[in-house]
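No lab work stands behind these numbers, since they all come straight from the coordinates. No experiment lies behind these values; they were computed from the predicted model shown. Don't worry about glycine lacking a Cβ; one is built from the backbone with ideal geometry, like all the others, and counts go over all protein chains shown.
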Amino acid sequence: MTSLKFLAISGSLRRASHNTGLLRILPSLAPSGVAIDLYEGIGNLPLFNEDLETLPAPSAVAELRARVAAADGVLIATPEYNSSIPGSLMNALDWLSRPVGASALLGKPVAVLGASPSQFGTARAQLVLRQVLHRIQAQVLDHPEVTVFRSYGRFDSEGAFLRDAMTEQLLGELLTGLVRMSRTDASARAV
Ligand SMILES: Cc1cc2nc3c(=O)[nH]c(=O)nc-3n(C[C@H](O)[C@H](O)[C@H](O)COP(=O)(O)O)c2cc1C
């Protein structure tokens, strides 16, 4: 079976982040032949400024773009801040949206997920994230919607996932969906 490489991007800078904690367990749930690399560098990116759109790009930007470009698919775990996505994640997406017409996310299979302490589990942030990804012309997986609600009961104080069957099943389905989308995408490119 063809092997696939996914990049998992955490939208949180918090040390004990529940969203990063979710991404950390993905390798244990992934189908065989799928490797998942965790990106935790959004805090190293400069604030987006068109004056910085130079060649070569700032090194942290170039690194992120290269890692996204090399991935068959991307997973983005977003926290919810004020019913939206954190500014640091939006900053990363702005960098990834450029150059227009040749961005690393153009046509890239992407799955979204998120965890928050509320009963909505980032549902509102994920709508915003989907809208931004749609504008960037990534291919976004529609189903399942992984909204990990009341997250404080599901992670310890260090941000490690305490394991629950429902969340693990949803994450497994998310990975299967992204595998399917990435394989279809790879076959289309091969034609
Ligand atoms: C500035 C700010 C705004 C927040 N707004 C929301 C919100 O609108 N909805 C929500 O469910 N949680 C909100 N939260 C709580 C975060 O969901 C919570 O801190 C979560 O654990 C952050 O994700 P992380 O654990 O991955 O860092 C907010 C937190 C901060 C710091």
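Odds and ends about this structure:
- R0 of 35 Å, Cβ-Cβ distance Thr176-Arg150: FRET efficiency to nearest 0.05: 0.90
- Distance histogram in 10 Å bins (all Cα pairs of the chain, percent per bin): 9, 39, 37, 14, 1
- By the beta-carbon count within 10 Å of each Cβ, the least crowded to most crowded order of Ser32, Ser187, Ser88, fewest first, is Ser32, Ser187, Ser88.
- Spin-label pair Ala160/Ser83, simplified geometry with 7 Å Cα→Cβ offset, distance in nm: 3.8 nm
- Cα centroid separation - segment 12-44 against segment 96-135, whole Å: 16 Å
- Dipole size of segment 4-190 about its Cα centre, with +1 on Lys/Arg Cβ and -1 on Asp/Glu Cβ: approximately 220 debye, rounded to the nearest 20.
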